[in-house]
Amino acid sequence: VTDGEPAAVVIHPDNDTAFVAVRDTSTVVRIDDLQTAPVLGKSVDVGSEPTGVALSPTGTTLYVAEWAEGRIAVIDTATMRETAAIDEPRNPRGLAVTNDGDADDADELLIVPEFYGEPTGVEATDTSRNGLIRIYATGDLTAQPSIVLAPIDSGFAPAAPPAPAGLPAVMTSPNQLWVPAIAGTKLYIPSISASPDRPTNFQTNVQPVVYVADLATASEDRGALGSTNLARLVRDQITGATPKFFLADLVDLDFVGTDVSYVLSRGADVVQRVVWAGASPTLGGTAFNQQIDLNTTPAGSPGPCQNPIGIVTTLGGNRAYVNCWGTRLLGAVDLSTQSLVRTVT
């Protein structure tokens, strides 16, 4: 058992070793012999509040996001010693590392989103922040061209009733950029985007945007399959569902293949299937559910999955597992039926 508050975990390519970031003790702990009799291995002290971990493709190097410290620790996984650090980030929370499929870890990219949006000059407006994704070469940790995410049209008009006709749509700014996911050459980042300008209204002040970037060009993708406000898609595509969830607080996502993602809404207790193909992103896309409601107790389970904070899909794409932080449970989602089928303590 790890002490403190385990915040993130990553599995080594050997499928027998895990690395756990423990937030309140500012350590990373290695767990050995996962497949037989798991035991605590070596640990290493890192900076304040480690919240994200990522491995190089071969598993020789571990990268740790120190959210409060404003730093990335670089750890040798064999010795569990820090070998280098990146001090440039201010509030890194989630990380990702590319994988080009060869045995050379030195030719990859380390992806480091800044959690909070970067000020554009004028505060308290709907365009007062840009998102910043820092990129580093794994070979020598040199900074590469960053990706800048711009404010996006939310697709919603100000909702102060009665809303005058002809008002321009509300813009929303990148903010609270959570754990990035790489699918093919694209980067996907769930966010809680901000529209602080008046009117104050729950429908228009916060938006669940998935930002999309092209790693080959180091630029945001604003095409038909690029950065998208999922609340707009819910409004336009989910017309008959009762209830209909607008996906508050996007905090994580994972992919099956390169086109199908499962996006986690912490505020709604929902997993949303999003297909990034065709003329535009599509929600649902199955004969079962358009949205996967986690706030339900499956038969024989101890409780529902509430306040979920993390999701991972299996390699075969038949299951997803959800960290139900509010109810302290693990949720299992059957992707063949698009439903929560079990929770366990």
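The values are calculated or read from the model by the stated rules, or taken from the named source; none is laboratory data. Fair warning: this is a prediction, and the values are worked out from it, not measured in the lab. Here Cβ is always computed from backbone atoms with ideal geometry, including for glycine, and neighbour counts include all displayed protein chains. Each accessible area value is taken on the protein alone, full model and side chains, heavy atoms only, with ligands, DNA and RNA left out. Shrake-Rupley method; radii C 1.70, N 1.55, O 1.52, S 1.80 Å.
Relative contact order of the range 64-198, please, whole-number percent, based on alpha carbon pairs below 8 angstrom and at least 6 residues apart.
19 percent
Using a Gaussian network model on the chain with a 10 Å cutoff between Cα atoms, which of Gly131, Gly240, Gly326 fluctuates the most?
Sorting by GNM fluctuation, first place goes to Gly240.
Which of these, Asp76, Asp102, Asp334, has the largest mean-square fluctuation under a Gaussian network model of the chain (Cα springs below 10 Å)?
Largest GNM mean-square fluctuation: Asp102.
For the range 2-69, evaluate the Debye formula with one uniform point scatterer on each Cα (no solvent term) and list log10 I(q)/I(0) at q = 0.23 Å⁻¹, rounded to two decimals.
Those come out to -0.94, one per q.
Stick to Cα atoms and the Kirkwood definition of Rh, then tell me Rg/Rh for the range 248-330. Intermediate results must be reported in sequence, preceding the final value.
On the way: Rg = 12.7 Å, Rh = 13.1 Å.
A ratio of 0.97.
Return P(r) of the range 61-147 (all Cα-Cα pairs; 5 Å bins starting at 0; whole %; ordered from short to long distances).
3, 14, 22, 23, 17, 10, 6, 3, 2, 1
Output the relative contact order of the chain, whole-number percent, from Cα pairs under 8 angstrom with separation of 6+ residues. Please report the intermediate quantities before stating the final value.
Numbers: 963 pairs, mean separation 25.8, N = 345.
The normalised contact order for the chain reaches 7 percent.
Expressed as a whole percentage, what fraction of the accessible surface of the chain belongs to carbon and sulfur atoms when a 1.4 Å probe is rolled over the protein heavy atoms? Let's see the in-between values first.
On the way: 7790 of 15030 Å².
The C+S portion of the solvent-accessible surface of the chain is 52 percent.
Using alpha carbons only, how many angstrom separate the centre of the range 325-343 from the centre of the range 113-144?
Comparing the Cα centres of the range 325-343 and the range 113-144, I get a distance of 34 Å.
Taking the square root of 5 times each eigenvalue of the Cα gyration tensor, what semi-axes in Å does the equivalent ellipsoid of the chain have, largest first?
Working: eigenvalues 208, 127, 67 Å².
Whole-Å semi-axes of the equivalent ellipsoid: 32, 25, 18.
Above 17 angstrom, tally the Cα pairs of the range 1-116 and express them as a % of all pairs, no decimals. Don't skip to the end; give the middle numbers.
Values: 3367 of 6670 pairs.
Value for the range 1-116 (Cα pairs over 17 Å): 50 percent.
Provide the FRET efficiency to the nearest 0.05 for the Thr314-Val341 pair, computing r from the beta carbons and using R0 = 22 Å.
On the way: r = 13 Å, r/R0 = 0.61.
For R0 = 22 Å, the calculated efficiency reads 0.95.
Hey, any idea what Rg/Rh is for the range 199-345, computing Rh the Kirkwood way over Cα pairs?
On the way: Rg = 15.2 Å, Rh = 15.7 Å.
Checking Rg against Rh, the ratio lands at 0.97.
Using helices alone, what [θ] at 222 nm do you get for the chain, with -39,500 (n - 2.57) per DSSP H run of 4 or more residues, divided over all residues and rounded to the nearest 500? Intermediate results must be reported in sequence, preceding the final value.
Working: 1 runs with 8 residues, N = 345.
My calculation for the chain gives -500 deg cm²/dmol from helical runs alone.
Give me the percent relative contact order of the range 237-331, please, defined on Cα pairs under 8 angstrom at least 6 residues apart.
Working: 202 pairs, mean separation 20.6, N = 95.
It rounds to 22 percent for the range 237-331.
For the residue pair Asp236 and Ala124, what label-to-label distance in nm results when each label sits 7 Å from Cα along the Cα-to-beta-carbon direction?
3.3 nm
Per 10 Å bin, what percent of the C-alpha pairs of the range 174-277 does each bin hold, from zero upward?
All Cα pairs, binned at 10 Å, distribute as 15, 49, 30, 6, 0 percent.
Where the convex hull is taken over the Cα atoms of the range 92-220, what is its projected area averaged over directions, in nm²?
Details: hull surface 34.5 nm².
Taking the Cα atoms of the range 92-220, their convex hull projects to 8.6 nm² on average.
What FRET efficiency would be calculated for the residue pair Ala216, Asn289, taking the C-beta separation as r and a Förster radius of 35 Å, to the nearest 0.05? Mind dumping the intermediate values first?
Details: r = 35 Å, r/R0 = 0.99.
Between Ala216 and Asn289 the formula returns 0.50.
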